[in-house]
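Visitor: Please see the structure below; I have some questions.
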Amino acid sequence: MKQTALMAALVLLVVGAGWAQETKPLRGAFSLQGGGSLVAPVGVELEFLRGPVGLTLETRLLVLKLGGDWSGTLEPGIDLRFYFSGLDGSLFFFTGASFLSLWRLSPFVLDQGIVKPRTGLGYNWLLGKENRWRVGLEIGAAWLQEVIEGDLYDIHFPLVPHVLLAFGRTF
């Protein structure tokens, strides 16, 4: 319960910083994600900017109740983005990796674990008053490498497309 409250306070703090009225250089962005993985399609990302380089921490998930058991996927990841110009209307190159875990809740079992290194190109648009709203699109490829063996997801073609849409606020 304390961890949930702490995470909610952190999210509110980051989002609140995005609504600040001063026009300072952008230090980062908090965004909601759609896509990026067929089995973990919804997530959040927090990007920290330092000049033309951005460090992105992200997590995507999917939770389902099948019968009487809860199961799902969780995919935390980290990316580096190299912007070719300023953040507003900018093409960027990204590279990173994530760990896709497939699990069941009762009893808790990690059914399979897959490392997903990825790379590609993306584009950012800054919108609204003072360019505080951000829309981003990434297109690239990911490689699936099983590190915890399981039989839930057979990897027949390890090279898969990576398409991600992000919408959020800058700070």
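Visitor: Only one of Gly128, Gly113, Gly122 is buried (at least 18 other Cβ atoms within 10 Å of the Cβ) and either at pLDDT 95 or above or farther than 14 Å from His162 by Cα (or both). Can you tell me which? Explain how you work it out, then say what you get.
Guide: On the way: Gly128 fails: buried (at least 18 other Cβ atoms within 10 Å of the Cβ); Gly113 fails: buried (at least 18 other Cβ atoms within 10 Å of the Cβ).
None of the other options fit; the residue is Gly122.
Visitor: Now for a separate question. In region 131-141, how many are buried (at least 16 other Cβ atoms within 10 Å of the Cβ) and either in contact with a Leu (Cβ under 6 Å, 6 or more places away or on another chain) or more than 21 Å from Phe167 (Cβ to Cβ) (or both)?
Guide: 3
Visitor: With the requirement that a residue be modelled with pLDDT under 95 and of a type in the set (A, V, I, L, M), what does region 89-110 give you?
Guide: Once the filter is applied, which keeps residues that are modelled with pLDDT under 95 and of a type in the set (A, V, I, L, M), region 89-110 yields Leu100, Leu102, Leu105, Val109, Leu110.
Visitor: For the subset of region 50-82 comprising residues that are polar (S, T, N, Q) and within 17 Å of Gly36 (Cα to Cα), which member is surrounded by the fewest Cβ atoms within 10 Å (Cβ to Cβ)? Please lay out each step first, then the result.
Guide: Taking region 50-82 first, the residues polar (S, T, N, Q) are 56, 59, 71, 73.
With the extra rule that they be within 17 Å of Gly36 (Cα to Cα), the set shrinks to 56, 59, 73.
Working: Thr56: 21, Thr59: 16, Thr73: 23.
Of everything passing the filter in region 50-82, Thr59 is surrounded by the fewest Cβ atoms within 10 Å (Cβ to Cβ).
Visitor: To continue, here is another question. Given the conditions (1) free of Cβ contacts under 8 Å to residues at least 60 places away in the same chain; (2) within 14 Å of Ala29 (Cα to Cα); (3) part of a loop (DSSP other than H, G, I, E, B), and given that Leu87 satisfies all but one, which numbered condition is not satisfied?
Guide: (1)
The values are calculated or read from the model by the stated rules, or taken from the named source; none is laboratory data. All values derive from a computational prediction rather than experimental measurement. Every residue, glycine among them, receives a Cβ derived from its backbone with ideal geometry; neighbour counts consider all protein chains shown.
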